[in-house]
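Report on the following structure.
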Amino acid sequence: MSDKRGRPRTFQLDHALEKALGPFWHAGYLATSYSDICAATGLTKPSLYAAFGNKEELFLAALELFSERFVRPGIAILENEPDPREAIYQLLLATAEALTAEGTPPGCMIVTNGSLASAHNVPKAVVEGLRTAAQETPNAIADRLAVVPVDQLPPGTDAGGLTAYFDMMITGLSGLAKRGATRQDLILAIDTAMLFWKKNTSV
């Protein structure tokens, strides 16, 4: 019985959090007011406070939702694909898809909020939450490349340099998407950027 009473509220909260994600993604933490979130979710301030707490707590919940939905699926591909080049390539394709997903703001919520690390009057929990979220993909790339034999990496490169290169590329893809690049535009950029790493033709 208690289950049935709880489920509609859970559904409503999940739906509200999805709606709250939009303003934080599009405009960023500092530029988003509680009034913006009320308009996006259709909830009143008292209802939002009761459900999620203050703006800081709501942002962190939205950031976790973003990571779960748009970041970690790509990391899972990276971890499960046996061929290292293909693993990176598929991660980048998944990133392009996430950056141009229908019904969401273009670009990356984490990149949009990246300047908060040096901004004043930003709660420490928000800064730390963003730093942690921003490191998820680079850390996963570093872990994946660290176990790749040197002869499977492009000549003249190492795991550390490649990690920085692909991290920079993902940030760049977000910037392109923010400026209106289509998914096909991003895929063309990915294909071009991967030319330096020849495909493994051995079975």
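Read-outs: derived from the displayed coordinates by stated rules, not from any lab. The structure displayed is predicted, hence computed values, not measured ones. Reconstructed Cβ throughout: ideal geometry from the backbone, glycine too, with neighbour counts over all protein chains shown.
Descriptive notes on the structure:
- Global form of the range 12-82, assessed from the alpha-carbon gyration tensor, a/c cut-off 1.5: prolate
- Prolate/oblate/rounded label for the range 135-203 (Cα gyration tensor, a/c 1.5): oblate
- Based on the convex hull around the alpha carbon atoms, the chain presents an average projected area of 14.2 nm².
- Proxy reagent accessibility, fewest Cβ within 10 Å first, across Thr182, Thr44: Thr44, Thr182
- The angle between the Cα long axis of helix 183-193 and the longest principal axis of the Cα atoms of the chain comes to about 30 degrees, rounded to the nearest 10.
- Between the range 146-173 and the range 19-42, the Cα center-to-center distance that results, in Å: 36
- All other residues whose Cβ lies under 12 angstrom from that of Thr163 are scored, Lys and Arg at +1 and Asp and Glu at -1, for a net of -2.
- Gained length - Val127 relative to Glu79, 0.36 nm times residue gap less alpha-carbon distance: 14.6 nm
- Over the residues of the chain, the helix contribution to mean residue ellipticity at 222 nm works out to -21500 deg cm²/dmol, using -39500 (n - 2.57) for each DSSP H run of at least 4.
- Of the peptides 168-174, 190-196, 64-70, the ranking by mean beta-carbon count within 10 Å, highest at the top, reads 168-174, 64-70, 190-196.
- Asn200 paired with Ile187, simple spin-label distance in nm, labels 7 Å along Cα-to-beta-carbon: 2.4
- Within the shell of other residues whose beta carbon sits under 14 angstrom from the beta carbon of Thr112, the net charge comes to +2, with Lys and Arg scored +1 and Asp and Glu -1.
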